[in-house]
1. For Cα pairs less than 8 Å apart in space and 6+ apart in sequence, what is the mean separation divided by the residue count of region 202-310, i.e. the relative contact order in percent?
2. Taking only the Cα atoms of region 284-343, how large is their convex hull per residue, in Å³?
3. Quick one: in region 120-170, what % of C-alpha pairs are over 15 Å apart?
4. At 1.4 Å probe size, with no ligands or nucleic acids counted, give the accessible surface of T324 in Å², nearest ten.
5. Just reorder S345, S263 by solvent-accessible area, largest first, 1.4 Å probe, all chains present.
6. Taking a 1.4 Å probe, which of C563, C238 shows the most accessible area, and what order do the others take after it?
7. Could I have the simple spin-label model distance between T314 and S547, label points 7 Å from Cα toward Cβ, reported in nm to one decimal?
8. Would region 184-341 count as rounded, prolate or oblate if I go by the C-alpha gyration tensor, calling it rounded below 1.5 in a/c and otherwise prolate when a/b exceeds b/c, oblate otherwise?
Amino acid sequence: MLSARLCNGKRGETVVVPADPAISDDDDDEEEEEDEDVEDPHFSPPTLNLDIPGPSDIGPSAKRKCMQPAVEVLQVQDDDSENNSEDIDDNEQPAPQAETITKPRTSATRQTTWQVDLDDTAVPEYQHPPPDYIATPFQYFMRYFGPKVIRHITYQTNLYATQKDMNTTFTTSDDEIMAFLAILIYMGIAQLPSVEDYWAMETRVPQVANLMSSKRFRLLKSVVHFNDNTQIPNTSDCFFKVRPLFNYLNAAFRREPQTPKQSVDEVMVAYKGKTAGNLRQYAKNKPDKSGFKLFARASEDGFIHDMVLYQGKTTIEAHGVPLTPEQKALGVTSQIISVLASTMSCRITTAIFADNSLTSLELVRYLREQNCRYMESSKEMEIKPVPHGTCDDGVLAVRWKDNKTAMKYGSDTNTREHVSCPPVTQSYKANMEGTDKNDMLVHLYRTPMKSKRWYMRLFAYAIDVSLTNAWVIYRRDCKALGVNGLSLKHFRIQVFRDAGGKGPVMPCPLTSSSSPVAGLGTVADVPKPVRGHRSHTPIEAVRFDVSLFHAPVHTNRQTCKFCSRKGNILRSNVVCRVCKVHLCLNADRNCFIRFHEDVA
């Protein structure tokens, strides 16, 4: 909550107070209108905002009050207010019991000075502590999708396969699940129309086809599981199928340092199937309009620290965070925001930014009691004539009526003049997009996951948000050390190479503690030659690195990379386990030694 006192100029003071204590500031009329446009017979959107009293909860008099603005405006004149008066429309009807003073219009131009309450402690700027070294992208990813998550998926997948067929011989391992994840990660970069295209002769992708067969991949995709189905009768959690996965991720995300400016917003995970029932929601203003709704809290640079899977009245109960008596008195939407705020590391030095659909006056007052600043936008204030705003009981109401540019046409000078924008408005516009930034990064290389099982789309989102969060922390470390980092695409490729054991990873010039060949595979990972394609060539940093174990390994016969020339092709059964190229090693020729000598 952001508290402030208003102008010290010659204008009259404006006090914004609720017209009725029972009236909430939540406004979901637009959401209800959007739900009426949905033609999907299986879609069952919520019909009411639970933070606003419904028709069955209020009497006729209360219904009439709800038709009035959520705040009433009390005008208090100063001694000098006769010459400097506010413009008020004579046709505007005031809220009940509100005193309105009609003042004559004036064409005199007044300079408005916006001032933040001096009693409030300024929100500190975030300073990321520089790390000792830059780890590999795979290590950043494993902070969240770590060995504990992989072991859980392996165990639940084997259990699910046994539950489906007691006589099955199927079994999987942690390494195979990691390879399965690697394929999904690469598919998010090189997207093809269908999964079969990655193994088809015309569109074959060696990075995927050499790692796992098409038949095995489809089998894993059909049985991969995340929770024990036998426990479903004992729970009311609609997201029971993926709940352990998101619990792991939330616990890992909360451990990361947060910035003082946090944004809270809705996130839609795209899903158009019809097997999810009422879990599928609709949001008109989101890139993915139909799918699963999540409420997320993110730092200003796009790192998501906490996520709440929305499922109606049982959302908080399934999320697992206990509510205080004060939180239980709030509406469902306000409870979700308060729970996201309760997991912050430091509330006193943190400001939360949210839009109007996630706000109520009771929520603002609750967060103010928790010494947390809350800033939101109001659609109602943009439509109805509300004065510039004053502070009442620690709640500040501000309306910025101009467009995005701070220029205004002056009727006296017939020119465009600069208008001072309130700092609170500038701060809101600059810090509201943390959640949207993460959502944009996720959509750049989204993991494809078409399946009849609705929760598989959430599994794909869990991979993407883990990769995005890992990249944000990686960029923080790079910035703290003053070095240039990898782009999100190359970061994702490096994670794929390490996760799939695809041979030596291109050494990152920023790494200093880990070997660039971490995650080496076996000789079976040597890329097979394809006619018309350039053969595999290791980079010089790996080829001439004497600290690596360049050992010869006997394998199938292929062309020597060092001594073969056009018209004089020589073949060898020896391959370097690091460089992954075939080299002659016999009594006549020792290309293995000559290939690794740095003659320069």
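The values are calculated or read from the model by the stated rules, or taken from the named source; none is laboratory data. Predicted model only: the values in this text are computed from it and were never measured. Neighbour counts run over all protein chains shown; Cβ positions are idealised from the backbone, glycine included. When the accessible area is computed, the model is the full protein with side chains, heavy atoms only, and any ligands, DNA or RNA have been set aside. Shrake-Rupley method; radii C 1.70, N 1.55, O 1.52, S 1.80 Å.
1. Here the relative contact order equals 21 percent.
2. Spelled out: Cα convex hull of region 284-343, divided by residues, is 104 Å³.
3. Numbers: 891 of 1275 pairs.
Tail fraction, whole percent: 70.
4. 50
5. S345, S263
6. Working: C563 30, C238 60 Å².
Order by accessible area, largest first: C238, C563.
7. Using points 7 Å along Cα→Cβ, the separation is 5.4 nm.
8. Working: a/c = 2.13, a/b = 1.74, b/c = 1.23.
It is prolate, given that a/c is not under 1.5 and a/b is the larger ratio.
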